[in-house]
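The values are calculated or read from the model by the stated rules, or taken from the named source; none is laboratory data. Model, not experiment: these values are computed from the prediction. Don't worry about glycine lacking a Cβ; one is built from the backbone with ideal geometry, like all the others, and counts go over all protein chains shown.
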Amino acid sequence: MTTSVVTGQVDIKDVSVSYDTRSGRQLAVTTTNLSIRPGEFVCLLGPSGCGKSTLLNCVAGFVTPTTGRILVDGVEVLGPGPDRGMVFQQYSLFPWKTVRENIAFGPRVTGRGGDSPTIVANTFLGMIGLSKFADHYPRELSGGMQQRVGIARALANYPSVLLMDEPFGALDSQTRHMMQASLLQIWREFGITVIFVTHDVDEAVFLADRIIVMGASPGRVVANIPVDLPRPRGDDCVTSASFTSIRNACLRHIKAESRRAFELNAG
Amino acid sequence: MKADVPKPEPALRIAARRLLALRPPRTLLLSSLTVILLFCAWVVVTETGLANPLFLPNPEAVARAFMEVSTEGYQGSTLIEHLSASLYRILVAFGLACLIGIPLGVLMGTSETARALLSPMIEFYRPLPPLGIYTLLVMWLGIGEESKLALLFLAALPGLIIATIQAVRNIDPIYVRAAKALGASTRTIVLQVYLPAAGPTILAGMRISLGFTYTVLVAAEIVAASAGIGWMIWDAAKFLLSDVVIMGLIVLGLTGVALDMVMRLFGQILMPWTRKQ
Ligand SMILES: Nc1ncnc2c1ncn2[C@@H]1O[C@H](COP(=O)(O)OP(=O)(O)OP(=O)(O)O)[C@@H](O)[C@H]1O
Ligand SMILES: [Mg+2]
């Protein structure tokens, strides 16, 4: 255990979220309790509309819970902040800044990272293997490269929690696998807490220490599945028997949920 | 060690290169063809006597007017003096309009309150004909330079404000969220997210607005000017000097195109990320 893993405790306490819509108040997430240990890699898994993004955005500070509260290292979340890095599904790099300046943005505005923002940015560029593209603009990069920069930009603030909302959803499967592997490597190096939203079961099992399966109507936690596969996880991990059994456990919960949703809609 | 890092081309050089090749050759050829055909039509119509030379002089006469006004001047001022008087008015008025209109537009685009408070004023005077406003401005500010600058300023302003509001409101909220998650303050978000994200649309608004300011120039120079391209055209028309009128219009048109090109060049230097590769 390294000493860097002391921050990144996330406590979700009695959180529920309702949205005001034209058809009235709609419950997006019912009362949810969840504790995430410092350095833990947690995947939120579930079908579309079950409130994964809503819950993640509560931790990020973009959505204020209707009831309950969220604590990060004991401090209540009241809005977005640099202690929680965010990686979005869509490419959200600033098109008007070079790759290097995108990564340097966080350290520049917060003063985090110790060294000068440019030095921090160069370090991260090296880490994601894109030093050659430092002075390029984001649109000159492929989707996978852009998302690597997105991760580096979030990490350059040295946050204690990294929040990722289907970050690899738009990538082809080849690139996706590569990104998953390098994310795990980065996570090991930084030892930070990761909350990762996905609806891809294989992705969740490959990445997570623990999978939170969510169900819809209303959004809620239906299962809490520990993933005790050995690390580091390589290509042989996905063919192992334990991988398959965890994967099947997740699928069972998801199938039960879809059947329930189907009957709800039919009845 | 850094030898393999590709150096991006300097902004000015790229801009210059792009200015030289602003359009692909095919469109340039076609456009030149239109110009040449129009010119030929002008020659034919005047040479065959189809047109009354009093109203449509031949190209030669217009060229002569150009030479004469350039060297000897028209009503006491040479062409360059007329042109600089007009450009001075346009650029000062337009510059002021940008300095006020763009921040105002950012404010109105980001704050619903500001938009509600200020838009009635702009929406009301925007459709008024410039000459109508001008009579009031002359009563208030006199017939000097102030009322002319004020008219051009008022002509430039609404287009700039409206374009900036649109630009700011159409920004993808993901950029603002990303900046907030990275710890940016409101000030940083305005300066480093709203402004650059809205930049290309603001520039388009500036180009349209400058064009509109140009169309108001003649109206602004009708009253009590002694120099200015607009005034020269107006004055020459009174004496049926159609060669001077046409020459003035061509000069106005060409400087308008040149100004627009300068604006695009500025855009490419200030916003290098919008450059086409
Ligand atoms: N801003 C909003 N206003 C109103 N309703 C919303 C809003 N955001 C989400 N919802 C609703 O809340 C529910 C949960 O949405 P959320 O985006 O959290 O789901 P998700 O699990 O992330 O789905 P997906 O996998 O499609 O991204 C959905 O029914 C959605 O329609
Ligand atoms: Mg979502």
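Here's a check for you: in the stretch A:16-32, which residue that is within 16 Å of ligand 2 (Cβ to nearest atom) and among the polar types (S, T, N, Q) is surrounded by the fewest Cβ atoms within 10 Å (Cβ to Cβ)?
Only one residue tops the list, namely A:GLN26.
Can you pull out every residue in the stretch A:172-224 that is within 12 Å of ligand 1 (Cβ to nearest atom) and more than 24 Å from A:PRO65 (Cα to Cα)?
Result: A:ASP200, single match.
Quick grid of which residues meet (1) modelled with pLDDT of 90 or more; (2) of a type in the set (A, V, I, L, M, F, W, C); (3) touching a His at 6+ places or on another chain (Cβ under 6 Å):
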site: B:LEU37; (1), (2), (3): yes, yes, no
site: B:VAL69; (1), (2), (3): yes, yes, no
site: B:TYR88; (1), (2), (3): yes, no, no
site: B:VAL92; (1), (2), (3): yes, yes, no
site: B:ARG115; (1), (2), (3): yes, no, no
site: B:MET139; (1), (2), (3): no, yes, no
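Kindly indicate which of B:PRO200, B:PRO173 is surrounded by fewer than 20 Cβ atoms within 10 Å (Cβ to Cβ) and either without any contact (Cβ under 8 Å) to a residue 60 or more places away in the chain or of a type in the set (A, V, I, L, M) (or both).
Step by step, each of B:PRO200, B:PRO173 is checked, and only B:PRO173 is surrounded by fewer than 20 Cβ atoms within 10 Å (Cβ to Cβ) and either without any contact (Cβ under 8 Å) to a residue 60 or more places away in the chain or of a type in the set (A, V, I, L, M) (or both).
Every residue, every condition in (1) more than 28 Å from A:LEU141 (Cα to Cα); (2) within 16 Å of ligand 2 (Cβ to nearest atom); (3) surrounded by 13 or more Cβ atoms within 10 Å (Cβ to Cβ), yes or no:
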{"residue": "A:ASP172", "(1), (2), (3)": "no, no, no"}
{"residue": "A:HIS177", "(1), (2), (3)": "no, no, yes"}
{"residue": "A:GLN185", "(1), (2), (3)": "no, no, no"}
{"residue": "A:THR198", "(1), (2), (3)": "no, yes, yes"}
{"residue": "A:GLU203", "(1), (2), (3)": "no, yes, yes"}
{"residue": "A:SER245", "(1), (2), (3)": "yes, no, no"}
{"residue": "A:PHE262", "(1), (2), (3)": "yes, no, no"}
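Looking at the stretch A:55-71 only, could you name the residues that are within 14 Å of another protein chain (Cβ to nearest Cβ), in a helix (DSSP H, G or I) and within 13 Å of ligand 2 (Cβ to nearest atom)?
Residues satisfying the conditions are A:LEU56, A:ASN57, A:CYS58, A:ALA60.
Taking the condition of being in a helix (DSSP H, G or I) and under 23 Å from the mean Cα position of the chain (by Cα), how many residues in the stretch B:125-159 meet it? First the steps, then the outcome.
Our first condition is that a residue be in a helix (DSSP H, G or I); within the stretch B:125-159, this holds for B:125, B:130-141, B:145-159.
Retained after the next criterion (residues that are under 23 Å from the mean Cα position of the chain (by Cα)): B:125, B:130-134, B:137, B:145-159.
Final tally of qualifying residues: 22.
Out of the stretch A:58-67, which residues are under 12 Å from A:ILE12 (Cβ atoms) and near ligand 1 (Cβ under 10 Å from one of its atoms)?
Listed by number, the list holds a single entry, A:CYS58.
Given the condition small (Gly, Ala, Ser), more than 12 Å from ligand 1 (Cβ to nearest atom) and within 20 Å of A:ALA208 (Cβ to Cβ), answer yes or no: does some residue in the stretch A:36-53 qualify? Spell out the reasoning first.
The first filter runs over the stretch A:36-53 and keeps only residues small (Gly, Ala, Ser), leaving A:39, A:46, A:48-49, A:51, A:53.
Then drop every residue that is not more than 12 Å from ligand 1 (Cβ to nearest atom), which leaves A:39.
Next, from what is left, pick out any that are within 20 Å of A:ALA208 (Cβ to Cβ): A:39.
Checked the stretch A:36-53: at least one residue is small (Gly, Ala, Ser), more than 12 Å from ligand 1 (Cβ to nearest atom) and within 20 Å of A:ALA208 (Cβ to Cβ).
Filter the stretch A:154-170 down to residues that are more than 16 Å from ligand 2 (Cβ to nearest atom) and either out of contact with any strand residue (DSSP E or B) (no Cβ under 8 Å at 6 or more places or on another chain) or on the phi > 0 side of the Ramachandran plot (or both), then give me how many there are.
Of the residues in that region, 2 qualify.
When you look at A:LEU130, is it within 16 Å of ligand 2 (Cβ to nearest atom) and either under 23 Å from A:ARG176 (Cβ atoms) or hydroxyl-bearing (Ser, Thr, Tyr) (or both), yes or no?
no
Could we say that A:SER35 is over 21 Å from A:GLY219 (Cα atoms), loosely packed, with under 15 Cβ neighbours inside 10 Å and more than 14 Å from chain B (Cβ to nearest Cβ) here?
Against the criterion (over 21 Å from A:GLY219 (Cα atoms), loosely packed, with under 15 Cβ neighbours inside 10 Å and more than 14 Å from chain B (Cβ to nearest Cβ)), A:SER35 does not qualify.
Given the conditions (1) touching a strand residue (DSSP E or B) at 6+ places or on another chain (Cβ under 9 Å); (2) within 16 Å of ligand 2 (Cβ to nearest atom), report the number of the one that A:SER48 does not fulfil.
Just one mismatch for A:SER48, condition (1).
Among the residues of the stretch B:44-89, which ones are among the aliphatic types (A, V, I, L, M), closer than 21 Å to B:LEU240 by Cβ and in a helix (DSSP H, G or I)?
Once the filter is applied, which keeps residues that are among the aliphatic types (A, V, I, L, M), closer than 21 Å to B:LEU240 by Cβ and in a helix (DSSP H, G or I), the stretch B:44-89 yields B:VAL45, B:ALA61, B:VAL62, B:ALA63, B:ALA65, B:MET67, B:VAL69, B:LEU79.
Residues in the stretch B:149-168: is at least one farther than 17 Å from B:ALA198 by Cα, away from every other protein chain (no Cβ under 14 Å), out of contact with any Phe, Trp or Tyr (no Cβ under 8 Å at 6 or more places or on another chain) and surrounded by fewer than 13 Cβ atoms within 10 Å (Cβ to Cβ)?
No, the stretch B:149-168 contains no residue that is farther than 17 Å from B:ALA198 by Cα, away from every other protein chain (no Cβ under 14 Å), out of contact with any Phe, Trp or Tyr (no Cβ under 8 Å at 6 or more places or on another chain) and surrounded by fewer than 13 Cβ atoms within 10 Å (Cβ to Cβ).
Scan the stretch A:239-255 and tell me whether some residue there is within 19 Å of A:GLN185 (Cβ to Cβ) and of a type in the set (A, V, I, L, M).
Among the residues of the stretch A:239-255, not one is within 19 Å of A:GLN185 (Cβ to Cβ) and of a type in the set (A, V, I, L, M), which makes the answer no.
Could you please find all residues in the stretch A:64-96 being in contact with a helix residue (DSSP H, G or I) (Cβ under 7 Å, 6 or more places away or on another chain) and surrounded by fewer than 19 Cβ atoms within 10 Å (Cβ to Cβ)?
Step one: filter the stretch A:64-96 for residues in contact with a helix residue (DSSP H, G or I) (Cβ under 7 Å, 6 or more places away or on another chain), giving A:65, A:70, A:77, A:80, A:82, A:84-88, A:90-96.
Across the stretch A:64-96, the qualifying residues are A:GLN90, A:TYR91, A:PRO95.
Working carefully through the options B:ALA237, B:ALA225, B:ALA184, find the one that is outside any helix (DSSP H, G or I), surrounded by fewer than 24 Cβ atoms within 10 Å (Cβ to Cβ) and without any contact (Cβ under 8 Å) to a residue 12 or more places away in the chain. Break it down into steps so the answer makes sense when it comes.
On the way: B:ALA237 fails: outside any helix (DSSP H, G or I); B:ALA225 fails: without any contact (Cβ under 8 Å) to a residue 12 or more places away in the chain.
None of the other options fit; the residue is B:ALA184.
Does A:THR7 fit the bill of being modelled with pLDDT under 95 and either within 14 Å of chain B (Cβ to nearest Cβ) or in a strand (DSSP E or B) (or both)?
Values: modelled with pLDDT under 95: yes; either within 14 Å of chain B (Cβ to nearest Cβ) or in a strand (DSSP E or B) (or both): no.
Against the criterion (modelled with pLDDT under 95 and either within 14 Å of chain B (Cβ to nearest Cβ) or in a strand (DSSP E or B) (or both)), A:THR7 does not qualify.
Being farther than 18 Å from A:MET164 by Cβ, away from ligand 1 (no atom under 12 Å from the Cβ), more than 14 Å from chain B (Cβ to nearest Cβ) and modelled with pLDDT under 95: is that true of A:GLY74 here?
On the way: farther than 18 Å from A:MET164 by Cβ: yes; away from ligand 1 (no atom under 12 Å from the Cβ): yes; more than 14 Å from chain B (Cβ to nearest Cβ): yes; modelled with pLDDT under 95: yes.
It is true that A:GLY74 is farther than 18 Å from A:MET164 by Cβ, away from ligand 1 (no atom under 12 Å from the Cβ), more than 14 Å from chain B (Cβ to nearest Cβ) and modelled with pLDDT under 95.
Would a scan of the stretch A:109-121 turn up a residue that is under 20 Å from the mean Cα position of the chain (by Cα) and either of a type outside the set (Phe, Trp, Tyr) or away from ligand 1 (no atom under 16 Å from the Cβ) (or both)?
no
Scan (1) out of contact with any Cys (no Cβ under 7 Å at 6 or more places or on another chain); (2) in contact (Cβ under 8 Å) with a residue 60 or more places away in the chain for the single condition B:MET206 breaks and write down its number.
Of the numbered conditions (1) out of contact with any Cys (no Cβ under 7 Å at 6 or more places or on another chain); (2) in contact (Cβ under 8 Å) with a residue 60 or more places away in the chain, the odd one out for B:MET206 is (1).
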